[in-house]
Amino acid sequence: MQKVLKKKELNNFIKELMSNYEIIAPVKNGKFEIIKDPSNMELGKITIVPAKEFFLPEGETLIEFKGKKVIKTHPENKKRIIFGMRKCDLNAVKIMDSIIKDENYLSRRKNTILMGIFCEHPDEYCFCNSMELEDYYDLLFYPEDDKYYISVGSEKGKKLVAKLPEAKKEIIRIIKNFKRVPDKSIEKHYRNKIWESDANRCLSCAACTINCPTCTCFEIYDELSPDLKNGTRKRGAASCQLKSFSTVAGGKAFRNSRLARFKQFVYHKIVYYKKRNGRYMCVGCGRCLRACPPKIDWTDTINILTGMKNHDAKRNRVSAKKV
Ligand code: SF4
Ligand code: SF4
């Protein structure tokens, strides 16, 4: 059963929800933000930055300590709706839900309703249809002509659309013909020299992991008062693309080379996680490709590896050097 909402009624529908919920939605600057005015939403393009900061805020304080007293901090308990997530981002939340079990995440997650939107215009970087994604939402809006057909995925979602009329027909849309279709059978190619040409260009800037909706590695650090008596313990994003990520006491870095770090990113997303959990850790949103300053394209590389493209036929690859 689907509900139906006229497109011209969307802003009013969102405004009504604002009386009970904080609304987070994509806006023009390429991010998800808390909105006060629904006309500021930008639903036509995938955001540059994913919505993970609303579950794992950067620099979150976990505990405060005053002398010997330790105070656990708790996240604000606001009820909120994230609107405008596409199938890739909804599946990224599913992956986060299976990985992260800490109290702060669970509390934010419990208070968040996912109101997704069908992605009508995947761009040249998108490849979600290759990543075996599932339905994961409280509500999903399918745009069709002058209406949205709304699929209900949970009791929470059902309550939000209770007043809307039922649709007379059901609309389920599927986008086909993506320009990018990576082959995932790369396990036996780990030692192939081709990875070196990508790693040679990598800047170790971590833009790929920071913008990836499923990368959730973090570090814990303390900020102390000058007299060392008071302080806060915080959590911030970490990245497998930085040498410091695998550096242990004494200075030994287990992934010392850019080559090792770059391959870790790709193999974790496509091979290791899939082996352990039965699904890819990549949702095909393409953000790592869009954000990469030297435009390294690992999906192209894996297709060359597996024979879907002719190596060096179309691209001017940097020759393999030790990195
Ligand atoms: S690896 Fe890239 S394409 Fe896959 S989920 Fe992360 S950012 Fe998106
Ligand atoms: S964004 Fe590109 S250059 Fe930066 S660490 Fe990732 S692969 Fe390397």
Legend entry - Ratio Rg/Rh, restricted to segment 187-305 and using Cα atoms, in which Rh is the Kirkwood radius: 1.04
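If each residue of separation counts as 0.36 nm, what is the full-extension length gain between Thr73 and Leu224 once their alpha-carbon separation is subtracted? Display every interim value, and only then the final one.
Values: separation 151, 0.36 × 151 = 54.36 nm, distance 1.63 nm.
Taking 0.36 nm per residue and subtracting the Cα distance, the gain is 52.7 nm.
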Inset, instruction - With an 8 Å cut-off on Cα pairs and a minimum separation of 6 or more residues, tell me the relative contact order of segment 2-160 in percent. - result: 24 percent
Inset, instruction - Could you please tell me the mean projected area of the C-alpha convex hull for segment 1-97, averaged over all directions and given in square nanometres to one decimal? - result: 8.8 nm²
Inset, instruction - Would you mind calculating the relative contact order of the chain from Cα pairs under 8 angstrom and at least 6 residues apart, reporting the percent as a whole number? - result: 21 percent
Inset, instruction - For the chain, report the convex hull volume of the alpha-carbon atoms normalised per residue, in Å³, without decimals. - result: 166 Å³
Inset, instruction - Determine the percent antiparallel among the DSSP beta bridges restricted to segment 57-195, to the nearest 5. - result: 55 percent
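Which entries in Lys45/Lys94; Lys45/Lys176; Lys79/Lys158; Lys15/Lys36; Lys79/Lys159 show an alpha-carbon gap greater than 20 Å?
Distance filter (> 20 Å) returns Lys45/Lys94.
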Legend entry - Net charge over other residues, Cβ less than 10 angstrom from the Cβ of Met1 (K, R count +1; D, E count -1): 0
Legend entry - Residues with amide H under 5 Å from that of Glu22, placed H, sequence gap 5 or more: Lys79, Arg80, Ile81
Legend entry - Solvent-accessible area, 1.4 Å probe, carbon plus sulfur percent, for segment 165-228: 53 percent
Legend entry - the chain, accessible area per residue, ligands and nucleic acids excluded (1.4 Å, Å²): 53 Å²
Inset, instruction - May I ask you to give the percent of accessible area on segment 2-160 that is carbon plus sulfur, with a probe radius of 1.4 Å? - result: 50 percent
Inset, instruction - Within 10 Å, count the other beta carbons around each residue, average over each peptide in 130-141, 188-199, 227-238, and list them highest first. - result: 130-141, 188-199, 227-238
Inset, instruction - Just the ratio, please: alpha-carbon radius of gyration of segment 1-49 over 2.2 N^0.38 Å, N its number of residues. - result: 1.21
Inset, instruction - Compute the normalised compactness of segment 206-269: alpha-carbon radius of gyration over 2.2 N^0.38 Å, N being the residue count. - result: 1.36
Legend entry - Sequence-separation-based contact order of segment 187-305, relative, with Cα cut under 8 Å and 6+ spacing, percent: 31 percent
Inset, instruction - Rank-order 69-79, 10-20 by packing density, defined as the average count of other C-beta atoms within 10 Å over each peptide's residues, highest first. - result: 10-20, 69-79
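The values are calculated or read from the model by the stated rules, or taken from the named source; none is laboratory data. Treat the numbers as computed from the prediction; the structure is a model and nothing was measured. Backbone-built Cβ (ideal geometry, glycine too); neighbour counts: all protein chains shown. With ligands, DNA and RNA removed, areas are computed over all heavy atoms of the protein, side chains included. Shrake-Rupley method; radii C 1.70, N 1.55, O 1.52, S 1.80 Å.
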